[in-house]
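Data block below; observations after.
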Amino acid sequence: MERQEAIRRLQLLKGEDLHKVGERHGIYATVNGKQNKGWAGQVCERYLGLPLNSARSPNFGSWELKVVPLKYLKNGALVFKETMAICMIDAVNVAQKNFYESHLLQKLAKMVVVARTVGKHYSESSYIVKVADYVLSEETYERIERDYDEVRSVICDPKRGFDCLAGNMGVLVQPRTKGPGHGSKSRAFYARKELLKEIFGDLNERLN
């Protein structure tokens with residue numbers, strides 16, 4: 001599916017609770033009594049006709065679909081609830097490939113990013129607020145390349161290595177642990193809120 005068609009279809013979901021959309025496709029926020037953290041992204045993918053998969057390449061071939069949560073502050077303003085996971089960090093792959101060849105760039109180069117509201121509990125209603133068509137600019141490319149090179153230098157340093165990757169690294173993209181519990185050894189690239197602000201602009205701007 002082309003990006004513009006996907007955006008058009010996702011815009012049609014505005015005003016509809018994503019939990020209800022998920023029910024029509026057999027996708028739920030809870031699986032076997034536990035939270036299914038990726039349910040909203042799975043709902044959007046299934047709605048657009050993509051089978052559930054864990055492929056490393058962009059999930060729609062030439063572009064990537066991402067979903068990020070928003071929350072309301074007491075004053076009614078919308079803000080990003082958390083950073084956005086981009087892809088897992090494979091230490092061998094990162095060590096061997098520069099940013100131009102990286103899995104990270106494959107995911108970031110062309111994206112459709114959906115911003116959805118969430119409540120205090122994941123079972124509460126969730127609604128799409130914005131759908132962003134994002135193409136990486138030359139300036140942002142260079143900034144993220146520096147973040148990637150910092151991660152790569154740590155991985156390739158025999159005195160530091162993969163386990164020394166930390167969330168305080170990176171300006172737009174950070175390496176962070178991914179997985180249950182604080183003892184997780186997995187790491188992933190996450191888009192910091194500064195990058196999300198670039199993707200979406202003003203969250204509280206009235207849209208057509």
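The values are calculated or read from the model by the stated rules, or taken from the named source; none is laboratory data. Just so we're clear, the structure is a prediction, and the values are computed from it rather than from any experiment. Heads up, the Cβs are rebuilt from the backbone with ideal geometry, glycines too, and the neighbour counts pull from every protein chain shown.
Would you check if there is a residue in segment 151-158 being part of a loop (DSSP other than H, G, I, E, B), of a type outside the set (Val, Ile, Thr) and within 14 Å of Ala95 (Cα to Cα)? Looking through segment 151-158, at least one residue is part of a loop (DSSP other than H, G, I, E, B), of a type outside the set (Val, Ile, Thr) and within 14 Å of Ala95 (Cα to Cα).
The set of residues from segment 169-208 being touching a Phe, Trp or Tyr at 6+ places or on another chain (Cβ under 9 Å), assigned to a loop (DSSP other than H, G, I, E, B) and at pLDDT 95 or above comprises just one member, Gly170. Could you please tell me which pairs satisfy a Cβ distance under 6 Å, a separation of 6+ or placement on different chains, a first residue in segment 11-40 that is acidic (Asp, Glu), and a second residue that is surrounded by 11 or more Cβ atoms within 10 Å (Cβ to Cβ) and assigned to a loop (DSSP other than H, G, I, E, B)? Qualifying pairs under 6 Å: Asp17/Ser125. Scanning segment 120-140 for residues that are β-branched (Val, Ile, Thr) and assigned to a strand (DSSP E or B) yields Ile128, Val129, Val131, Val135.
Tell me whether segment 109-125 contains one or more residues that are surrounded by 13 or more Cβ atoms within 10 Å (Cβ to Cβ), modelled with pLDDT of 95 or more and either more than 30 Å from His19 (Cα to Cα) or among the aromatic types (Phe, Trp, Tyr) (or both). No, segment 109-125 contains no residue that is surrounded by 13 or more Cβ atoms within 10 Å (Cβ to Cβ), modelled with pLDDT of 95 or more and either more than 30 Å from His19 (Cα to Cα) or among the aromatic types (Phe, Trp, Tyr) (or both). Restrict the check to segment 150-167 and report whether at least one residue is surrounded by 13 or more Cβ atoms within 10 Å (Cβ to Cβ), of a type in the set (Ser, Thr, Tyr) and out of contact with any Cys (no Cβ under 8 Å at 6 or more places or on another chain). No. Taken together, the criteria exclude Ala166 from residues that are at pLDDT below 95, not in a loop (DSSP other than H, G, I, E, B) and not β-branched (Val, Ile, Thr).
Taking first residues from segment 43-63 that are more than 25 Å from His19 (Cα to Cα) and polar (S, T, N, Q) and partners that are part of a helix (DSSP H, G or I) and at pLDDT 60 or above, the Cβ contacts under 9 Å between residues at least 6 apart in sequence or on separate chains come to Ser57/His103; Ser57/Gln106; Ser57/Lys107; Ser62/Arg3.
Is it the case that some residue within segment 64-75 is out of contact with any strand residue (DSSP E or B) (no Cβ under 7 Å at 6 or more places or on another chain) and at pLDDT 90 or above? Quick ask: steps written out before the conclusion?
The first filter runs over segment 64-75 and keeps only residues out of contact with any strand residue (DSSP E or B) (no Cβ under 7 Å at 6 or more places or on another chain), leaving 74-75.
In the following step, the residues that additionally are at pLDDT 90 or above were identified as 74-75.
The answer is yes, given that some residue of segment 64-75 is out of contact with any strand residue (DSSP E or B) (no Cβ under 7 Å at 6 or more places or on another chain) and at pLDDT 90 or above.
So which of Asn98, Asn53, Asn93, Asn59 ends up being modelled with pLDDT of 95 or more and out of contact with any Phe, Trp or Tyr (no Cβ under 9 Å at 6 or more places or on another chain)?
Details: Asn98 fails: out of contact with any Phe, Trp or Tyr (no Cβ under 9 Å at 6 or more places or on another chain); Asn53 fails: modelled with pLDDT of 95 or more; Asn59 fails: modelled with pLDDT of 95 or more.
Among Asn98, Asn53, Asn93, Asn59, only Asn93 is modelled with pLDDT of 95 or more and out of contact with any Phe, Trp or Tyr (no Cβ under 9 Å at 6 or more places or on another chain).
Residue selection: Met84 fails the criterion of being surrounded by 19 or more Cβ atoms within 10 Å (Cβ to Cβ), touching a Phe, Trp or Tyr at 6+ places or on another chain (Cβ under 6 Å) and at pLDDT below 95. Can you find a residue in segment 101-119 that is in contact with a strand residue (DSSP E or B) (Cβ under 6 Å, 6 or more places away or on another chain), touching a residue at least 24 places away in the same chain (Cβ under 8 Å), part of a loop (DSSP other than H, G, I, E, B) and of a type in the set (S, T, N, Q)? No, segment 101-119 has no match at all.
Within the group Val94, Val154, which residue is in contact with a Lys or Arg (Cβ under 6 Å, 6 or more places away or on another chain), of a type in the set (A, V, I, L, M, F, W, C), more than 28 Å from Ala6 (Cβ to Cβ) and touching a residue at least 40 places away in the same chain (Cβ under 8 Å)? If you could, list the steps in order and put the result at the bottom.
On the way: Val154 fails: touching a residue at least 40 places away in the same chain (Cβ under 8 Å).
Going through Val94, Val154 in turn, the sole match is Val94.
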